[in-house]
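Working notes, structure below.
We did not get these values from a lab; they are worked out from the coordinates using the rules stated. In this text the structure is predicted, and so the values were computed from the model without any measurement. Every residue, glycine as well, gets a Cβ built from its backbone with ideal geometry; the counts of neighbours run over all protein chains shown.
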Amino acid sequence: MDRDHSYNKEDLAKYTIKDSVFTSLFSDKKYILQLYKALHPEAANVTEDDITSVTLENILMAGQFNDLGFRVNDRLIILMECQNVWTSNIVIRMLLYMANTYHNYYTENEINLYSTKKANFPKPELYMLYTGNDTNKTQEIISLKDDFLNGEESSIDVRVKVIYNSKKGDIISQYIMFTKIYNEQVKLHGRTREAVLETIRICKDEGVLRDYLASKEKEAISIMMTLFDKEYVLNTYLKDMAKENREEGREEGSILTTIKMCKEFGVSLADAIKRISNEFNLSEGEAEAKVKACW
């Protein structure tokens, strides 16, 4: 099927929408409760009624969303991001998400922070669910103090716990297994509908997210296929833009523009370096220097 290679602002805006099986799965309180109990197995008495979603829909600038946020009564706020590419910047993002989440909490509950009465402060727990394949990444905590401030004392610190795996059979381990099966099928079949259908078939057969996939199979297929289309359009858009600038003798400008677009579309730093290296025939070191200078 021929693809339309023309783009408008609406097409580009779609890149800023974080849509994944992860966010779809945890839009359901049933699975949020399972996630909470995987993190806190001692909390046997917590029910769906105790949980309130606080996932941010749009913060700071158009199109920036967090993956998952929920409050357990008024005592705990949990924020979680799912990442298949390692980034220490998750700490800074979490700091921004946290500030907005607490702002919303105090506003919605009409709590006066200028009062002399001490306000309630639900305890925050911050997590990064890492599903990438970089086996060298074994860091259990990413810390603002240690990873960005060289261990120096500061007025604040933000600590994000990294989850690589979980107790066999719980909702976290099932999601991690889902991503592994998905990646294996993409390697076998490419970014095709067959890879998506095989992923879902295998997961259902092996009891991985079976209930979710049985009830929302069409939604899951649509999400996964849309992600393939978005990646195709992003790659094609950047290639076309780079080619146009090169033909007009503006290669350096093309590099800078490509870096800017990668950043705006949410491409990771590591992926941006690879793209610049491949697209402009630069060594990885040269590409890294250019990307980091603009990031």
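At a Förster radius of 25 Å, what calculated FRET efficiency corresponds to the Cβ-Cβ distance of residue 30 and residue 194, to the nearest 0.05?
Efficiency computed from Cβ-Cβ geometry: 0.25.
Test of understanding: what is the full-extension gain from residue 226 to residue 52, defined as 0.36 nm times their sequence separation minus their Cα-Cα distance?
Full-extension gain reported as 59.8 nm.
Can you tell me the Rg and the Dmax, both Å, for the Cα atoms in the stretch 151-207?
Here Rg and the maximum Cα pair distance are 17.3, 52 Å.
Figure the gain on full extension for residue 137 and residue 165 (residue separation times 0.36 nm, minus the Cα-Cα span) and round it to one decimal in nm.
That pair, residue 137 and residue 165, stretches by 8.8 nm at full extension.
Test of understanding: extend the Cα→C-beta vector of residue 295 to 7 Å, then name every residue of the stretch 66-108 with backbone N under 12 Å from that spot.
Residues 86-90 fall inside that zone.
Once R0 is set to 45 Å, what does the formula 1/(1 + (r/R0)^6) return for the Cβ-Cβ distance between residue 104 and residue 252, expressed as a FRET efficiency to the nearest 0.05?
0.55
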